[in-house]
1. Just checking my list (1) -0.23; (2) -0.27; (3) -0.31 against log10 I(q)/I(0) by the Debye sum over Cα atoms at q = 0.06 Å⁻¹ computed from this structure; which label fits?
2. Which of rounded, prolate or oblate describes region 162-298 when judged by the alpha-carbon gyration tensor and an a/c cut-off of 1.5?
3. Where both partners of a DSSP beta bridge lie in the chain, what percent of those bridges are antiparallel, to the nearest 5?
4. How many Å³ per residue does the convex hull of the Cα positions in region 383-429 occupy?
5. Where the only charges are on Cβ atoms (+1 Lys, Arg; -1 Asp, Glu), what is the dipole of the chain about its Cα centre, to the nearest 20 debye?
6. At a 10 angstrom cut-off on C-beta neighbours, averaged per residue, how do the peptides 106-114, 280-288 rank from highest to lowest?
7. Answer with one residue from HIS267, ALA290, ILE357: the one whose Cα lies farthest towards the positive end of the charge dipole of region 262-407, charges on Cβ with Lys, Arg +1 and Asp, Glu -1.
8. For region 1-83, state which trypsin sites (Lys or Arg not before Pro) are in a DSSP loop and have at most 16 other beta carbons lying within 10 Å of their beta carbon.
Amino acid sequence: MSVPSPEQLLALDRQRVWHPYAPMPGTRPPLVVRSARGVRLRLADGRELIDGMSSWWAAIHGYRQPALDAAARDQLGRMSHVMFGGLTHEAAVVLADRLVALAPDGLEHAFLCDSGSVSVEVAVKMCLQYWRSAGQEAKTRLLTWRGGYHGDTFMAMSVCDPDGGMHRMWDGVLPRQVFAGLPPAGFGAGVDEAYADELRRLIERHSGELAAVIVEPVVQGAGGMRFHDPGYLRVLREACDANAVLLVFDEIATGFGRTGTLFAAEHAGVSPDVMCVGKALTGGYLTLAAALGTAEVAAGIGRGELPVLAHGPTFMGNPLACAVAGASLDLLLGQGAAETGAAPLYPRGWAAEVRRIETGLAAGLAPAAGRPGVADVRVLGAIGVVQLDREVDVAAATEAAVRTGVWLRPFRDLIYTMPPYVTGDGDVAAICAGVLAAVSAATGAGRLPPQGANPRPWLSLRAVRWPGGTRPSCRPGRAGTPTARSAAAPGTGRGRRSPAGRP
């Protein structure tokens, strides 16, 4: 079969392919990618784009990493898949053990599944079945806060923001859950006691019908890229314990280092009853996710009339995905390099690279803070966000970024970046230039203020405490005011255990 030209591919794409969050047929032609290596996407027309999105936050090590390629080839040489019902294999067992060893304290069991949305479904099913097995069949609802996003399957959609989220059209079809207000913004803003009391009252008032509280810890992703103080996670943990409600953390977007700690829960030093992970689990190579649960949740389900978790994806524990996930963890944690003789991907450790990217994003995005039409600029870990006071003209913003050689995927009122951890300083600066160009195009404004100019003195870079030093942050507030944050070092914190799973 002859290789189709880019024009032929686009014609077929428009005729046959239904893209995510797009009409059929599409209204805007996508860019045709021929290959990818490092942090660059090579297009069919020969152009190269720096990937500012980590392929929807998953490709944390970039593309064509030799260790991940080798892991996939090695596993293909043995088996690409085998059913997980009644069978098991090394890649899945070792991965489950490693996830438990790395996870916050108390999470002892891993249910491997296909995708992030499915892991949320599994987590919710665990919680519902736990209470049903305990004879408390009235506990069927979930509580969350507004501004969240947990996936596109039905139970996951029911805990996404019911008004501002993309799933609001399903009102009346989805199960009706309990929603608190938006968590107050600001990673280091401290706990608003009035809002904390609202959380406590809602959980207490609905405790008889609540199976679980589910939230995205510290960063709300696709619901609005909002950051909140880790203290609210402690409030939720205490309120759930006091009212016999399970707590679920959705770490699909935040897990594996994105916010500066291995899991975002570490910022608060608390552990959930169930935790969902996905996206970066395989370094963006293959789809794989997991729902991690405590021994108590597992035992509770086992005491029920149906003593099994009634869920079994066909590709659960896929050997190919599990093998690559194990290799990705090796890269992230600096393990296995000595055995192969390869140089570690992160000689200073992944956390140092995330801090380096954070510093570059904060400096590079700072000029956007003075622009008309810009409501906020915020940075946390390897996440940089420019929020507008209007809906983004996605076509104009994307085209402007591409002209600068950067791939971004704006949505709603947000132009943001979540680059791979291997992105060098020059490429981080280029990504920031792409974001600024997209902001300019989306707001219809002219040139940005020069680097260092600050037309709004109340929106300034501030030094906030970071283990081992300080880091700049783009957040509203008085210039020079320090913002407290967790004292736990990245990659440590409550529940950190050895790879063998022992204290």
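1. Checking each listed value against the structure points to (2).
2. rounded
3. On the way: 40 of 55 bridges.
That works out to approximately 75 percent antiparallel.
4. Cα convex hull per residue, to the nearest whole number: 73 Å³.
5. Dipole about the Cα centre, nearest 20: 1000 debye.
6. Ranking, from highest mean packing down: 280-288, 106-114.
7. The one lying farthest along the dipole's positive direction is ILE357.
8. On the way: sites: ARG14, ARG16, ARG34, ARG37, ARG40, ARG42, ARG47, ARG64, ARG73, ARG78; in loops: ARG47, ARG64, ARG78.
In loop regions of region 1-83 (DSSP not H, G, I, E or B), the sparsely surrounded trypsin sites (Lys or Arg not before Pro) are ARG47, ARG64, ARG78.
The numbers here are math on the coordinates, done by the rules we state, and not lab data. Computed from a prediction, not measured in an experiment: that's the story for all the values here. Neighbour counts are summed over all protein chains in view; Cβ atoms, including those assigned to glycine, are modelled from backbone coordinates with ideal geometry.
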